[in-house]
Amino acid sequence: MVVCISNFIRFGEAQFVERMDVGRATEVVSDKALLIEALKGLKAGALLALFAVVVPTIVVVPTTLSGTIPVEGAVPGAILVFTVFEIAAIILWLRATGKLREFDSQRLGIGRSGLMLHLIGLVIIVVDLLFLFVLAAIPYGAESTKLTPIILVLISALLAGAVLIVIGIWRFGTMLIRLSEIEGIEDGFKVAGILYMVAWLLKIIKSISINTSENMIGDTALFVALILIYTYSKRSIEKLQATSQPSSPNPESVVRST
């Protein structure tokens, strides 16, 4: 009788441990699936962000260097193209960072709030620049002095938008650096995060004087950073998918459970 009770207790303990192991395995698979979906969003967003860098450069550089289109005429179009692709990239990244926040809100939640600040700052700057270009087209005269307060307000808004973007870039870059600390994620995200922050800082500083040759430095650095984000996202997806298959249950335990 005692032996039967002892065997029954051991069987119960074995079943409990087995269910706990299955639960942990399921949780691990679920976490990996969440990471994979987030990385797919990062990869797709990086691709659109690459278009945001490359397309305006292709449009502006040849025309301005050859003199066929003046800088004043090429820049607004380049800003519009950049904004469309950049906003599309941010939307994809917002979805991706939402999943990363769900995976680890303490370490990775900083990225989503950073993208929101980036988006708000970007919209402010684009609208502000469009107004400034319109005002710049007004012939200079006695009446134009009345526009001085408006111009000062627009410049202040421009600086405010730049500050929001800097804070947002720092938060998103920090998230990329922390992402490299997650098991199964490529260490190269750390380099991508640092380069991403430096590249945007260069772009903002150089954009104060609309100089195509100077802006190329920031564009090149950002181009490399986005390629790194795309590449390391793809590699991390492949690595996680290779290890995401749950282990098959023990046949003996299946027989027992039935």
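The values are calculated or read from the model by the stated rules, or taken from the named source; none is laboratory data. From a predicted model like this one, the values you see are computed outputs, not experimental measurements. No Cβ is skipped: glycine too gets one built from the backbone with ideal geometry, and neighbour counts run over all protein chains shown.
Counting only residues that are at pLDDT 75 or above and more than 14 Å from residue 82 (Cβ to Cβ), the stretch 200-215 holds 3 of them.
Does the stretch 85-108 hold any residues that are in contact (Cβ under 8 Å) with a residue 60 or more places away in the chain and crowded, with 18+ Cβ neighbours inside 10 Å, and which are they? Within the stretch 85-108, 93, 97, 99, 100, 103, 108 meet the criteria. Residue count for the stretch 85-136 under the criterion of being assigned to a helix (DSSP H, G or I) and either closer than 30 Å to residue 148 by Cα or touching a Lys or Arg at 6+ places or on another chain (Cβ under 7 Å) (or both): the result is 31. Here's a check for you: in the stretch 56-70, which residue that is part of a helix (DSSP H, G or I) and surrounded by 15 or more Cβ atoms within 10 Å (Cβ to Cβ) is modelled with the lowest pLDDT? Applying the filter and picking the extreme gives 64.
Total residues in the stretch 37-55 satisfying the condition of being aliphatic (A, V, I, L, M) and surrounded by fewer than 20 Cβ atoms within 10 Å (Cβ to Cβ): the figure is 6. For the stretch 121-140, the tally of residues that are at pLDDT 85 or above and small (Gly, Ala, Ser) stands at 1.
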